[in-house]
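Right, one structure below, let's go through it.
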Amino acid sequence: MSNYQFEERPASVILGRRGLFKVVGLCAVAAGATGWAVGDLIANRNAVLLARQAGLYKDDKLCQAMNLTRSHENPCVARVYRDLGAAPMDDTMYSLLHTHYAQRSQLAAHH
């Protein structure tokens, strides 16, 4: 039987000083780029949400000024009812015009 001896090489032989600097530098660049990208996505998401909110408020004010505070009195909606031969709260109109709630509380927690 032969004697087998295993000796680990020191880390400095596996990865020299220059190699270590390269690895650390690449990790720092990757972490910085990821952090910047996430920050940019959050900033853009907030800008889109604020623009949408401003547009909805503007539309609401316009409808209030035109005394169109109830959707079934809106001439465009009334024409849809007329064209489809339906009435407000009809099953057909309910399925076409109403949306369903989706839980989004996790999105609101990150702003």
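Here, each number is a calculation from the coordinates, and none is a lab measurement. On a predicted model such as this, the values are computed, not experimentally measured, just so you know. Here the Cβ is made from the backbone with ideal geometry for all residues, glycine too, and neighbour counts use every protein chain on show.
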Need pairs with beta-carbon distance below 9 Å; first residue at negative phi and within the stretch 31-43, second exposed (fewer than 10 other Cβ atoms within 10 Å of the Cβ); sequence gap 6+ or separate chains. I42/H110; I42/H111
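Residue-by-condition table, conditions (1) of a type in the set (F, W, Y); (2) more than 26 Å from the chain's Cα centre (by Cα):
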| position | (1), (2) |
| --- | --- |
| V24 | no, yes |
| C27 | no, yes |
| A33 | no, no |
| I42 | no, no |
| L50 | no, no |
| R70 | no, yes |
| E73 | no, yes |
| Y81 | yes, yes |
| L84 | no, yes |
How many residues does the stretch 83-105 contain that are surrounded by 10 or more Cβ atoms within 10 Å (Cβ to Cβ) and within 18 Å of R70 (Cβ to Cβ)? 9
